[in-house]
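J.: A single structure is presented below for examination.
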Amino acid sequence: MSVLPSGEQWTIEAGGYEATVVSVGGGLRGLTYDGRPVLLGYGEDEPAHAGIGQHMFPWPNRITDGKYSFEDIDQQLYLTEPARQNAIHGLTRWANWSRVDGDAASVEAGHRLHGQPGYPHQLDLRLGYRLSDDGLTVTATATNVGSSDAPYGYGTHPYLSVGRVIDECVLEFSAAEWLEVSPERMMPIGLAPVDGSPYDFRSGRAIGGLEIDNTFTGLGGGSWSVTLSDPDSGARAVLSSDTPWLQLYTGAAIGRTALAVEPMTCPPNAFITGQNLVVLKPGESHTTTFRVSA
């Protein structure tokens with residue numbers, strides 16, 4: 001019997017929603033509402049590509065050169081984005097996760113991250129998916145089961161979809177600042193005001209041909225949301241969370257068929273700068289939640 005590229009498939013349903021969670025990376029292979037896509041998916045016979053539905057433990061986004069120092073010890077991560085000489089999107093996207101709980105409307109998956117070169121820490125990780133009439137709620141938890149303090153961050157990589165090219169869709173979200181990065185290596189340069197920039201979508205407007213692959217912050221201090229709408233059909237896809245950082249990507253790698261909306265607990269290079277970096281002491285846990293609805 002052959003093994004699917006995304007591993008075991010766990011499908012859940014409730015309130016008109018259907019989602020498929022997979023064992024490779026504990027990822028989300030798709031989410032639909034009444035048969036139409038709310039999150040971009042991929043085929044059962046395909047591996048995840050362009051980060052679709054993947055989770056980023058124990059750091060989101062990039063670490064320049066894969067080098068950082070924690071508690072006065074220098075670390076070198078594998079360069080998983082070799083073209084740009086970066087360590088990208090954590091260590092668990094291609095790891096095998098196990099289903100540890102669930103029912104017809106929910107799945108909980110778990111994975112133990114063991115220490116390795118560049119990250120000598122042990123974490124127990126849990127991903128909880130639950131469907132209801134209100135949509136999909138995803139909870140990500142990390143617990144330090146090792147004997148030393150561990151630097152930690154989390155992000156995820158879902159793509160909002162209303163079933164058409166996003167150039168023709170209306171985007172609405174509110175942020176105070178956006179992070180400028182170098183075009184060659186995506187290295188952080190500095191924060192700039194959203195007001196007066198091409199990235200001001202507070203009133204909602206068509207995306208057009210604008211390319212976005214940037215981090216945003218100043219999201220209101222509480223729960224924030226990003227809404228993608230089809231101006232013709234009225235179809236909407238909404239992602240909300242309470243993380244202090246958010247990455248948007250207009251999806252050139254997937255032909256601009258969906259918009260990546262990535263909640264992040266910290267910005268790029270947080271292992272280097274310490275900005276919003278969580279330090280998990282032995283026995284401590286950290287939990288993050290995001291929600292998706294039609």
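J.: Can you list the strands (runs of 3 or more DSSP E) lying wholly within segment 134-251 that have 2 or more residues being more than 25 Å from Ile52 (Cβ to Cβ) and over 21 Å from the mean Cα position of the chain (by Cα)? I'd like the intermediate steps shown before the answer.
T.: Numbers: elements: 135-144, 150-152, 155-157, 170-172, 177-181, 188-193, 213-217, 224-229, 236-241, 245-249.
Correct list: 188-193.
J.: Considering only segment 148-170, I want to know if a residue exists there that is acidic (Asp, Glu), over 29 Å from Tyr17 (Cα atoms), touching a strand residue (DSSP E or B) at 6+ places or on another chain (Cβ under 9 Å) and modelled with pLDDT of 95 or more.
T.: Yes, that holds for at least one residue.
J.: If a residue must be of a type in the set (A, V, I, L, M, F, W, C) and either farther than 26 Å from Met186 by Cα or free of Cβ contacts under 8 Å to residues at least 12 places away in the same chain (or both), how many such residues does segment 215-252 contain?
T.: Initially, segment 215-252 is screened for residues of a type in the set (A, V, I, L, M, F, W, C), giving 216, 219, 224, 226, 228, 235, 237-239, 245-246, 248, 252.
From the residues that got through so far, the ones that are either farther than 26 Å from Met186 by Cα or free of Cβ contacts under 8 Å to residues at least 12 places away in the same chain (or both) too are 235, 237-238.
Residues flagged as of a type in the set (A, V, I, L, M, F, W, C) and either farther than 26 Å from Met186 by Cα or free of Cβ contacts under 8 Å to residues at least 12 places away in the same chain (or both) within segment 215-252 amount to 3.
J.: Report yes if Ala175 is farther than 30 Å from Gly16 by Cβ and either touching a Leu at 6+ places or on another chain (Cβ under 6 Å) or buried (at least 22 other Cβ atoms within 10 Å of the Cβ) (or both), otherwise no.
T.: Values: farther than 30 Å from Gly16 by Cβ: yes; either touching a Leu at 6+ places or on another chain (Cβ under 6 Å) or buried (at least 22 other Cβ atoms within 10 Å of the Cβ) (or both): yes.
When the stated conditions are applied, Ala175 passes them.
J.: May I pose another question? Could you look through segment 22-36, keep only residues that are in contact with a strand residue (DSSP E or B) (Cβ under 7 Å, 6 or more places away or on another chain) and of a type outside the set (A, V, I, L, M, F, W, C), and pick out the one that is surrounded by the fewest Cβ atoms within 10 Å (Cβ to Cβ)?
T.: Restricting attention to segment 22-36, the residues satisfying the condition of being in contact with a strand residue (DSSP E or B) (Cβ under 7 Å, 6 or more places away or on another chain) are 22-33.
Still in the running and of a type outside the set (A, V, I, L, M, F, W, C): 23, 25-27, 29-30, 32-33.
On the way: Ser23: 20, Gly25: 29, Gly26: 30, Gly27: 27, Arg29: 24, Gly30: 21, Thr32: 18, Tyr33: 21.
Per the criteria, the residue is Thr32.
J.: Which residue out of Ala235, Ala270, Ala192, Ala252 is under 24 Å from Val21 (Cβ atoms) and either at pLDDT below 95 or not basic (Lys, Arg) (or both)? Talk me through it step by step, then tell me what you get.
T.: Values: Ala270 fails: under 24 Å from Val21 (Cβ atoms); Ala192 fails: under 24 Å from Val21 (Cβ atoms); Ala252 fails: under 24 Å from Val21 (Cβ atoms).
Every option except Ala235 fails the conditions.
J.: Does segment 73-89 contain any residue that is out of contact with any Ser or Thr (no Cβ under 6 Å at 6 or more places or on another chain), closer than 26 Å to Ile12 by Cβ and surrounded by 13 or more Cβ atoms within 10 Å (Cβ to Cβ)?
T.: Yes: one or more hits.
J.: Say we look at segment 252-273 and pick out the residues that are among the hydroxyl-bearing types (Ser, Thr, Tyr) and part of a loop (DSSP other than H, G, I, E, B); which of these is surrounded by the fewest Cβ atoms within 10 Å (Cβ to Cβ)?
T.: As a first pass, look at segment 252-273 and keep what is among the hydroxyl-bearing types (Ser, Thr, Tyr): 257, 265, 273.
Checking which are part of a loop (DSSP other than H, G, I, E, B) leaves us with 257, 265.
Values: Thr257: 14, Thr265: 23.
The qualifying residue surrounded by the fewest Cβ atoms within 10 Å (Cβ to Cβ) is Thr257.
The values are calculated or read from the model by the stated rules, or taken from the named source; none is laboratory data. Please read these numbers as outputs of a predicted model, since none were measured by experiment. Heads up, the Cβs are rebuilt from the backbone with ideal geometry, glycines too, and the neighbour counts pull from every protein chain shown.
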